[in-house]
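What follows is a set of notes on a single structure, which appears directly below.
The values are calculated or read from the model by the stated rules, or taken from the named source; none is laboratory data. Just so we're clear, the structure is a prediction, and the values are computed from it rather than from any experiment. Positions of Cβ are generated from backbone atoms using ideal geometry, with glycine treated the same way; all protein chains shown enter the neighbour counts.
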Amino acid sequence: MAYTTNAETLLCEVDDHVATVTLNRPRVLNALNRQVFDDLKTLFAALASDPVVRVILITGAGEKAFAAGADINELTVTNRVTGRALARRGSAIFRQIETCGKPVIALINGFALGGGCELTLACALRIASETAKLGQPEVKLGLIPGYGGTQRLPRLVGQSAALKLLLTGEIIHAQEALRIGLVDEVVPADRLLQRGRELAQAMVAVAPLAVAGCLEAVRKGAERNIDAGLRTEAEIFGRLSATADKAEGTKAFLEKRSPVWTSR
């Protein structure tokens, strides 16, 4: 199954409950311009509402880049008002991806810089090829990250490690990104898509409502204090306790068989 997309910016195919989204501007290293953001917004709304899709992989066309950042030509003409609007819209679309209710796994196949790195930060997991390079070089343009980089990066790698990248604009290799926790795994380039699909299938095999519940509990807990997070966890646990999938999962366990999930 293939979604109707703007093929000049995005490609999307769905197979075995896994959607693979490809940023498709390889001649400009998959740079993120206004059209890409428009198309991401439309596509992720469709994927989020499609019950067939349980996991989403996102990568970049070609071998050189996941996404090399924002379109610099668009940045050159911004002012205080248009710059703020640009950042708010990009942030909102990345937040839409982050909160779509399904695991989104970034498969980083080359440069993930600026907005490209921020897109990976909005994903649940980040798998990098050995040739990947990541960074937030906005300070070299007289800017700061505008799509969530100053907020998500410290939450992911810690304040000091984040500031080292943010204040220097340094671009780091995949192994260093793994060391500081910016990516979760590093694999050979020719195994990147395969590894993403392996992880996706492991998530497809378990209860969809429980997967969504884990995503919700972790995200909301990270945004609140521990007491509020624990209350959220209990609420979600209670909600899932009343589902047909919970009944099926516990029954299948006792009967020593594989469960059949219905997302109810």
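Please verify whether P154 is outside any helix (DSSP H, G or I) and in contact with a helix residue (DSSP H, G or I) (Cβ under 9 Å, 6 or more places away or on another chain), treating the condition exactly as stated.
The answer is no for P154.
Considering T262, T232, which residue is among the β-branched types (V, I, T), farther than 30 Å from N109 by Cβ and assigned to a helix (DSSP H, G or I)?
Within the list T262, T232, the selection yields T232.
Please tell me if I105 is under 26 Å from A202 (Cα atoms), outside any helix (DSSP H, G or I) and either at pLDDT 95 or above or in the same structural domain as Q194 (by TED's automatic domain parsing) (or both).
Answer is yes for this residue.
Inspect all residues belonging to the stretch 123-134 and state whether any of them is under 16 Å from the mean Cα position of the chain (by Cα), surrounded by fewer than 24 Cβ atoms within 10 Å (Cβ to Cβ) and assigned to a loop (DSSP other than H, G, I, E, B).
yes
So which of T59, T5, T22, T78 is of a type in the set (S, T, N, Q), part of a loop (DSSP other than H, G, I, E, B) and in contact with a strand residue (DSSP E or B) (Cβ under 9 Å, 6 or more places away or on another chain)?
The match here is T5.
Look through the stretch 232-244, keep the residues that are over 26 Å from the mean Cα position of the chain (by Cα) and closer than 22 Å to T99 by Cβ, and return whichever of them is surrounded by the most Cβ atoms within 10 Å (Cβ to Cβ).
For the stretch 232-244, the residue satisfying everything is T243.
Could you tell me how many of the residues in the stretch 45-91 are farther than 25 Å from D190 by Cβ and surrounded by fewer than 14 Cβ atoms within 10 Å (Cβ to Cβ)?
Result for the stretch 45-91: 15.
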